[in-house]
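*Asks:* Next up is a structure, given as structure tokens.
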Amino acid sequence: MAMGGSGSAGLDSFEARHPILTEEPADDGQRQRLTDELKARGNGAFKAKSMREALVLYTRAIELTPDAAALRGNSSMVQLQLGDFKAALGDAEEAIRLDASWAKGYYRKAQALEKLEQYSDASFAMEEAIRRTDNEKAKKPMEKAVLEYQKKAAEKPKPNPLDVVAPDRF
């Protein structure tokens, strides 16, 4: 079956290739092993540019281990690749909720906000990522992104207050 389809045919194809998707863990140790295997397969699918497959694998891993910030970060990354920027933002925000010290959660949030053209918010999120990053070399491109977001925010037309007021009020 083709992987590109949607609906149950696509899921059936994933399950045929990954019977692990339907496995139920008997204990916490097995839950962790399943989660690790699903994450590894998701990473492989991502590297192979099979984004829908990666998303299915990460989603199942999240179902098994909902408190893993890194899984939400991976899901956010895939959602960005698929063009579902609101879902990417939701996953990034959940990663931050799970681990507020994790720089990559803020980085993913900034990326999603940029795609949603919320440049000021993207700038703030990237600044948070920078604050939480120890690697000086990694900070340089993030600092450049902050400047880019700030520039785009300044260039973005501001809404006319008269357009914002509900027309039924007059």
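The values are calculated or read from the model by the stated rules, or taken from the named source; none is laboratory data. Computed from a predicted model, the values in this text were never measured in an experiment. Cβ: placed from backbone, ideal geometry, glycine included. Neighbour counts: every protein chain shown. Areas reflect the complete protein model, heavy atoms only, side chains present, ligands, DNA and RNA absent. Shrake-Rupley method; radii C 1.70, N 1.55, O 1.52, S 1.80 Å.
*Asks:* Report the net charge of residues surrounding Q79, where surrounding means a beta-carbon distance below 13 angstrom and charges are Lys +1, Arg +1, Asp -1, Glu -1.
*Replies:* It works out to a net charge of +2.
*Asks:* Out of the total accessible area of the chain (probe 1.4 Å, heavy atoms of protein only), what percent is carbon and sulfur?
*Replies:* For the chain, the apolar C and S fraction of the accessible surface comes to 52 percent.
*Asks:* Now a separate question. Determine the alpha carbon to alpha carbon distance for each of K49/K152; K104/K144; K86/K151; K115/K137; K47/K152 and list only those over 21 Å.
*Replies:* From K49/K152; K104/K144; K86/K151; K115/K137; K47/K152, over 21 Å: K49/K152; K86/K151; K115/K137; K47/K152.
*Asks:* How high is the relative contact order of segment 1-152, in percent, with contacts defined as C-alpha pairs under 8 Å that are six or more residues apart?
*Replies:* 13 percent
*Asks:* Quick one: length gained pulling E63 to D36 fully straight, 0.36 nm per residue minus the C-alpha distance?
*Replies:* Details: separation 27, 0.36 × 27 = 9.72 nm, distance 1.26 nm.
Additional length available on full extension: 8.5 nm.
*Asks:* Separate question: When the solvent-accessible surface of protein heavy atoms is calculated with a 1.4 angstrom probe, in what order do S120, S50 fall, highest first?
*Replies:* My answer, sorted largest first, is S120, S50.
*Asks:* Taking segment 17-58, which trypsin sites (Lys or Arg not before Pro) meet the DSSP loop condition and have no more than 13 other C-beta atoms within 10 Å?
*Replies:* K49
*Asks:* If you count only protein heavy atoms and use a 1.4 Å probe, how large is the accessible surface of I130, to the nearest 10 Å²?
*Replies:* 30 Å²
*Asks:* So what's the back-of-envelope 222 nm ellipticity for the chain, counting only DSSP H runs of four-plus at -39500 (n - 2.57) apiece and dividing by all residues, rounded to 500?
*Replies:* That comes out to -23000 deg cm²/dmol.
*Asks:* Using only the Cα atoms of segment 78-161, build the gyration tensor, take square roots of its eigenvalues as a ≥ b ≥ c, and label the shape rounded, prolate or oblate: rounded if a/c is under 1.5, else prolate if a/b is larger than b/c, else oblate. Provide the component values of the computation, followed by the final result.
*Replies:* Details: a/c = 1.93, a/b = 1.22, b/c = 1.58.
It is oblate, given that a/c is not under 1.5 and a/b is not larger than b/c.
*Asks:* In nm, to one decimal, how far is the D28 label point from the K137 one, both placed 7 Å along Cα→Cβ?
*Replies:* Those two pseudo-labels are separated by 3.8 nm.
*Asks:* Compute the accessible area per residue over the chain, keeping the other protein chains in place, probe 1.4 Å, unit Å².
*Replies:* Result: 61 Å² per residue.
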